[in-house]
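The structure under discussion appears below in the form of structure tokens.
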Amino acid sequence: MRKKIIAANWKMNMTIGETETFCSTFLRELGDERKVEVVIVPPFIAIAKASEMLRDAQSVKLGAQNMHWEKSGAFTGEVSAAMLRDVFCHYVVLGHSERRTIFGETDEAVNKKTLAAHANALRPIVCIGETLAERDGGLVEKVLDTQIRGSLAGLTAEQLEESVIAYEPVWAIGTGRTATPQQAQDAHAFIRKTLADIWGQPAADKVRIQYGGSVKPANAAELMSQPDIDGALVGGASLEPRGFAEIVLNTAKVLG
Ligand code: PGA
């Protein structure tokens, strides 16, 4: 049984003060819900504040939005895995489509980061997904297959099990246009089958695959009830603590 995992990808939003306010409201709204694992992913600057605010919340973990694969050194503007561990991050989002398209990240770079995350006991949330042109061109499976093989190359089965995959169709990110539950389920089933082909069925059955792209309180339950959807990576709707808590609580309800 895979524990559902809902992550808040704040992107380049939220100051330290706003992080403090968010966390106190969110924890109050969440109450004693423990069935769903929650990951808050602030910008680097606000991680330490979030860590302080969430210290006692056992089902709420912290993540970062990116990192560099090297341990330390002359890499101006970058942050290492050890630095993220130092502020109590458990997760790191890698290869988000905004990193891939705006900052030119390749599968090869995402792969180096994924391996470095595991080497430092950080769990990567590796993002993959097709553009609208690729979907219209019938290329969804080809794109996902290439991204999986490229971004996850060289992982052991154990490392794969501890990774999270986020399927985020680029056309659904920040557009208000969500994939239908069936479209998302089909993509997730394909991703799991591809993982099984490479790493074996037992490992593939343990990997959690999140859906991302315009997830909100109103559509969370239906998406989260699909058999291969194990959580969500939420952008815009994660900036509002009550709405984000509602997404988590609606997911918990699906679990009964
Ligand atoms: P969205 O973003 O929820 O605003 O569509 C999702 C993401 O980019 O992770």
For this session: Could you tell me what percent of the accessible area of the chain is made up of carbon and sulfur, with a 1.4 Å probe and every protein chain present?
Result: 53 percent
Problem set entry | Residue-averaged 222 nm ellipticity for the chain, from DSSP H runs of 4+ at -39500 (n - 2.57), nearest 500 | -14000 deg cm²/dmol
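How large is the accessible surface per residue of the chain, computed with a 1.4 Å probe and reported in Å² as a whole number?
Numbers: 11280 Å² over 256 residues.
Spelled out: the 1.4 Å probe surface of the chain, per residue, equals 44 Å².
Of all beta bridges DSSP finds with both residues in the chain, what is the antiparallel percent, to the nearest 5? Show your work: numbers first, answer last.
Numbers: 0 of 28 bridges.
That works out to approximately 0 percent antiparallel.
Take the alpha carbon gyration tensor of the chain, find the square roots of its eigenvalues, order them as a ≥ b ≥ c, and report rounded if a/c is under 1.5; if not, report prolate when a/b exceeds b/c, else oblate.
Details: a/c = 1.45, a/b = 1.10, b/c = 1.32.
Since a/c stays below 1.5, the shape of the chain is classed as rounded.
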Seminar exercise, completed: residue 124 neighbourhood, Cβ < 9 Å, K/R = +1, D/E = -1, net charge +1
Exercise. Can you give the charge dipole size of region 1-140 about its Cα centre, rounded to the nearest 20 debye, using +1 on the beta carbon of Lys and Arg and -1 on the beta carbon of Asp and Glu?
Worked result: 420 debye
Exercise. Across region 156-168, in residue order, what do the Karplus-derived ³J(HN,Hα) couplings come to in whole Hz, using 6.51 cos²θ - 1.76 cosθ + 1.60 with θ = phi - 60° and x for Gly and Pro?
Worked result: 6, 4, 5, 5, 4, 4, 8, 8, 10, 9, 10, 8, 10
Exercise. Quick one: Karplus J couplings for region 4-9, per residue in order, coefficients 6.51, -1.76, 1.60, θ = phi - 60°, nearest Hz, x for Gly and Pro?
Worked result: 5, 9, 10, 10, 9, 8
Exercise. Taking the Cα centre of the chain as the origin, how large is its charge dipole in debye, to the nearest 20, when only Lys and Arg (+1) and Asp and Glu (-1) carry charge on their Cβ atoms?
Worked result: 300 debye
Exercise. Considering the dipole of the chain built from charges on the beta carbon (Lys and Arg +1, Asp and Glu -1) around the Cα centre, which of 232, 21, 182 is farthest to its positive end?
Worked result: 21
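Just add up the charged neighbours of residue 19: K/R +1, D/E -1, any other residue whose Cβ is under 12 Å from the Cβ of residue 19.
Values: positive: 49; negative: 18, 20, 52.
Around residue 19, the surrounding residues sum to -2.
The values are calculated or read from the model by the stated rules, or taken from the named source; none is laboratory data. Nothing here was measured: the structure is a model prediction, and the numbers come from that model. Here Cβ is always computed from backbone atoms with ideal geometry, including for glycine, and neighbour counts include all displayed protein chains. Heavy atoms of the whole protein, side chains included, go into the accessibility calculation; ligands, DNA and RNA do not. Shrake-Rupley method; radii C 1.70, N 1.55, O 1.52, S 1.80 Å.
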